[in-house]
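Participant: Please see the structure below; I have some questions.
What follows draws every value from the coordinates through simple rules; no lab data is involved. Since we're looking at a predicted model, the values are computed, not measured. Cβ placement follows ideal geometry from the backbone for every residue including glycine, while neighbour counts extend to all protein chains displayed.
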2 protein chains.
Amino acid sequence: MSDTSLTAAVDLGGTKILAVIAEGHEVVGRAKATTPRTGPDHVADAIAASLQAALTGTGEPDATVGAIGIGAPGRADGGMLSHAPNIPGLRSPYPMAHAVSERMGGIPVVIENDVTVATIGEQTRGAGRPYRSFLGVFVGTGVGGGLVLDGTVYTGRSAGAEVGHMVVDPRGRPCGCGGRGHLEAYAGKAGIEAEARRRVAAGERTALVDLTERKGKDRLTTGTIARALEAGDPIAIELIDDAAWAMSVALATAQNLLDVEAIVVGGGVADRLGPAFVARVAEGMTPQLFVPEHAPRVVPSELGDLSGATGALVLAERLSPDRIP
Amino acid sequence: MSDTSLTAAVDLGGTKILAVIAEGHEVVGRAKATTPRTGPDHVADAIAASLQAALTGTGEPDATVGAIGIGAPGRADGGMLSHAPNIPGLRSPYPMAHAVSERMGGIPVVIENDVTVATIGEQTRGAGRPYRSFLGVFVGTGVGGGLVLDGTVYTGRSAGAEVGHMVVDPRGRPCGCGGRGHLEAYAGKAGIEAEARRRVAAGERTALVDLTERKGKDRLTTGTIARALEAGDPIAIELIDDAAWAMSVALATAQNLLDVEAIVVGGGVADRLGPAFVARVAEGMTPQLFVPEHAPRVVPSELGDLSGATGALVLAERLSPDRIP
């Protein structure tokens, strides 16, 4: 029996799956799982299992939902997921919407890029609500962006708002995409880790790498960044200074080009570094703004790690037989 | 007697005024004048006199036009012109549309920013015609930009598309706006001249400055840049290399952010340096593009020094009692 007052959303990441069930705007169930590394069919299985676990968490395991929204890393077009190097085994376009729908008894499924979905989350129920135009910047392993112009999410020909690949220093650090000096190489967790490891290889020492290895992790975490900063680690301080500087350069350039009302800064790294980091970025932008007296509001995201799931819920609601206004 | 099949346009610059009369899409009269340095009332007088001279040039000096469009440097809002440091004596917002209308017997006048107008010219009758989305970049004394998204000119909150103030080198040359390392400081004629004069002050020699002084000019011209390049002047070659490099960095960043179909490059400097310069810029962008296999077309403007007047004509036609389709 389908209860169309319930909607479901999935935030699919390279390491974790977050499933939530909402009644109206209220989240009534949630569940987490690890993203399988054994191919997209297994990812679809895990998504369905997470959704079922989240439903069970609502106390009504037999209820079903009106629609399911999924935010996923990569390109999502007509239900197909592609260009998702963080989803192991997903090499060619995969019909993820259909695969999940099939496993969930034919419930309609919509899938969209994770950063676009997070931007929709902040636009509809987060820090972007007061603005007709804003740039969402999500600083995590990489740096993603979403652009809302005149109330509508703008994605260009599908690859727009790649804020992480704005050039901040043309002779600077190599970027994972093959470019040089892109924002992501300075502000993204992977870029910070790569630079920390280059320093260590050159004979320096930093808690960023020491703590990562002591904890037996294979990747730098936001928690480790925070602890290295608290411990006064000089390289951690320098690399976060670099991150704030790179954010300031890129966002001033974006503002001079787009003249948006606001910039919303979210993502795991920015959330962990908090409003003080966002304020530093805003301060650093000022000298590079063309119209500094008409600067954008630069604000932290409101939804934190729920921006993605919230945006996916909004997409599911739009698809739902009984639309929630 | 008003002949509403005629429209008029004015391209108002800091040194020159260009007035054109068109019948349908065909330019049937044109006139040039020097921009007075004695305040905006005299500028309005000179615009009216140029329009009258252009009308005389059509062979029907007694004909009048249906509407007049003006492209002007600065901010144009509701007929008021402001923020126009290149129009001597224009210190506070000045009712330029009204002033010109009054001098032309009450004909409706529309005024818009010169770069926006040039973008509209390229969009409707120039190199932008095939595209729903493109970025227009006009390289002259400074570097201006216009953005067409989904068929509509996008200007943000009125200060958007300031391509000239994208940061290309955060530790680089000072920009006239107070920022550092902006595109305009490398590719704009004023930026090229400032750097050439810094080199001369530091004991170097360049034809860019020698030729300017020999001709008794107070400002570097595009003709002088072209002649210095032809003569193999090493500093001229280096500074134009820098200009092409800065254009590549800025336009790759803009593309990664906007994912437009095309980039149209115009303005006096780019027009003079020709398609080879535009091709160099496009080539330089490739390594910095996030989706190089989906690069934008990078094309020279088609209308050259008529982009502004053409866009102003289009605005006049839209205002005309008998709209030309």
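Participant: Quantify how strongly other chains surround peptide A:281-290 by giving the mean number of their Cβ atoms within 10 Å of each of its Cβ atoms.
Facilitator: Details: counts 0, 0, 0, 0, 0, 1, 3, 11, 6, 11.
That average works out to 3.
Participant: With equal scatterers on the alpha carbons only and no solvent term, can you work out the Debye log10 of I(q)/I(0) for chain A at 0.12, 0.13 1/Å?
Facilitator: -0.83, -0.96
Participant: Between rounded, prolate and oblate, where does region A:103-148 land on the alpha carbon gyration tensor, with a ≥ b ≥ c its root eigenvalues, rounded for a/c under 1.5, else prolate if a/b exceeds b/c? Could you put the intermediate results ahead of the total?
Facilitator: On the way: a/c = 3.14, a/b = 1.63, b/c = 1.93.
The shape class here is oblate.
Participant: Out of the DSSP beta bridges found with both residues in the protein assembly as shown, what percent are antiparallel (nearest 5)? Don't skip to the end; give the middle numbers.
Facilitator: Numbers: 60 of 98 bridges.
Percent antiparallel among DSSP bridges in the protein assembly as shown is about 60.
Participant: Let me ask something else. Output the Kirkwood hydrodynamic radius of region B:31-107, Cα pairs only, in Å rounded to one decimal.
Facilitator: Details: mean 1/r = 0.0771 Å⁻¹.
After inverting the pairwise mean of 1/r, the radius is 13.0 Å.
Participant: Could I ask something else about it? Quick one: divide the alpha-carbon radius of gyration of the protein assembly as shown by 2.2 N^0.38 Å and tell me what you get.
Facilitator: 1.08
Participant: Among DSSP beta bridges whose residues both lie in region B:128-302, state the antiparallel percentage, nearest 5.
Facilitator: On the way: 11 of 20 bridges.
Beta bridges within region B:128-302, antiparallel portion: roughly 55 percent.
Participant: Which of A:Leu319, A:Leu303 has the fewest other C-beta atoms within 10 Å, and how do the rest follow up to the most? Before the final figure, lay out the partial values.
Facilitator: Details: A:Leu319 17, A:Leu303 21.
Least crowded to most crowded, the residues run A:Leu319, A:Leu303.
Participant: How big is region B:196-325 on each of its three principal axes, counting only the C-alpha atoms and giving the largest first in Å?
Facilitator: Dimensions of region B:196-325 along the principal axes of its Cα atoms: 58, 42, 21 Å.
Participant: Moving to a separate point now. For region A:127-302, what does the relative contact order come out to in percent, with C-alpha contacts under 8 Å and a separation of six or more? Can you show the working numbers first?
Facilitator: Numbers: 308 pairs, mean separation 43.0, N = 176.
It rounds to 24 percent for region A:127-302.
Participant: A further question follows. State whether region B:157-254 is rounded, prolate or oblate according to the following rule on the C-alpha gyration tensor (a ≥ b ≥ c being the square roots of its eigenvalues): a/c under 1.5 gives rounded; otherwise a/b larger than b/c gives prolate, and the remaining case gives oblate. Present the calculation step by step, with values, prior to reporting the outcome.
Facilitator: Details: a/c = 1.97, a/b = 1.87, b/c = 1.05.
Prolate shape, in that a/c is at least 1.5 and a/b is the bigger ratio.
Participant: Would you mind ranking B:Thr64, A:Thr253, A:Thr286, B:Thr224 by Cβ crowding within 10 Å, fewest neighbours first? Don't skip to the answer; put the middle values down first.
Facilitator: On the way: B:Thr64 17, A:Thr253 33, A:Thr286 12, B:Thr224 23.
Placing the least packed residue first, the sequence is A:Thr286, B:Thr64, B:Thr224, A:Thr253.
Participant: Could I ask something else about it? Is region A:198-266 rounded, prolate or oblate when judged by the Cα gyration tensor, a ≥ b ≥ c being the square roots of its eigenvalues, rounded requiring a/c under 1.5 and prolate requiring a/b larger than b/c? Mind showing how you got there, number by number?
Facilitator: Working: a/c = 2.99, a/b = 2.27, b/c = 1.31.
Prolate shape, in that a/c is at least 1.5 and a/b is the bigger ratio.
Participant: Next up: Checking understanding here: applying a Kyte-Doolittle mean of at least -0.5 and a length along the axis of at least 30 Å (C-alpha), which whole DSSP H helices in chain B pass? Let's see the in-between values first.
Facilitator: On the way: long enough: B:234-258 (35 Å, 1.04).
Counting only whole DSSP H runs, the qualifying helices are B:234-258.
Participant: Where a Cα-Cα gap under 30 Å defines reach, which lysines qualify for A:Lys217, not counting those fewer than 8 residues away within the same chain?
Facilitator: Answer for A:Lys217, where 30 Å is the Cα cut-off: A:Lys16, A:Lys32, A:Lys189, listed by chain and number.
Participant: Separate question: Return the whole-Å distance between the Cα centroid of region B:193-265 and the Cα centroid of region A:83-110.
Facilitator: 51 Å
Participant: Rounded to the nearest 5, what % of the DSSP beta bridges within chain B are antiparallel ones?
Facilitator: Here the share of antiparallel DSSP bridges comes out near 60 percent.
Participant: A further question on this structure: Report relative contact order for chain B in percent, whole number only (criteria: Cα-Cα under 8 Å, sequence separation at least 6). Mind showing how you got there, number by number?
Facilitator: Numbers: 724 pairs, mean separation 64.0, N = 325.
Rounded, it is 20 percent for chain B.
Participant: I've got another one for you. How would you rank B:Ser133, B:Ser307, going from fewest to most other Cβ atoms within 10 Å of each one's own Cβ?
Facilitator: Numbers: B:Ser133 22, B:Ser307 33.
Listing B:Ser133, B:Ser307 from fewest to most nearby Cβ atoms yields B:Ser133, B:Ser307.
Participant: Counting each DSSP H run of 4 or more residues in chain B as -39500 (n - 2.57), what helix-only mean residue ellipticity at 222 nm follows after dividing by all residues, to the nearest 500 deg cm²/dmol? Intermediate values should be presented prior to the final figure.
Facilitator: Numbers: 10 runs with 128 residues, N = 325.
Mean residue ellipticity at 222 nm (helix-derived): -12500 deg cm²/dmol.
Participant: I need two numbers for region B:1-59: Rg to one decimal and Dmax as a whole number, Cα atoms only, in Å.
Facilitator: When restricted to Cα atoms, region B:1-59 yields Rg and Dmax of 11.6, 35 Å.
Participant: Local charge sum around B:Arg297 (other residues, Cβ-Cβ under 15 Å, Lys/Arg +1, Asp/Glu -1)?
Facilitator: Numbers: positive: A:Arg157, B:Arg129, B:Arg132; negative: B:Glu122, B:Asp259, B:Glu261, B:Glu283, B:Glu293, B:Glu302.
Residues close to B:Arg297 contribute a combined charge of -3.
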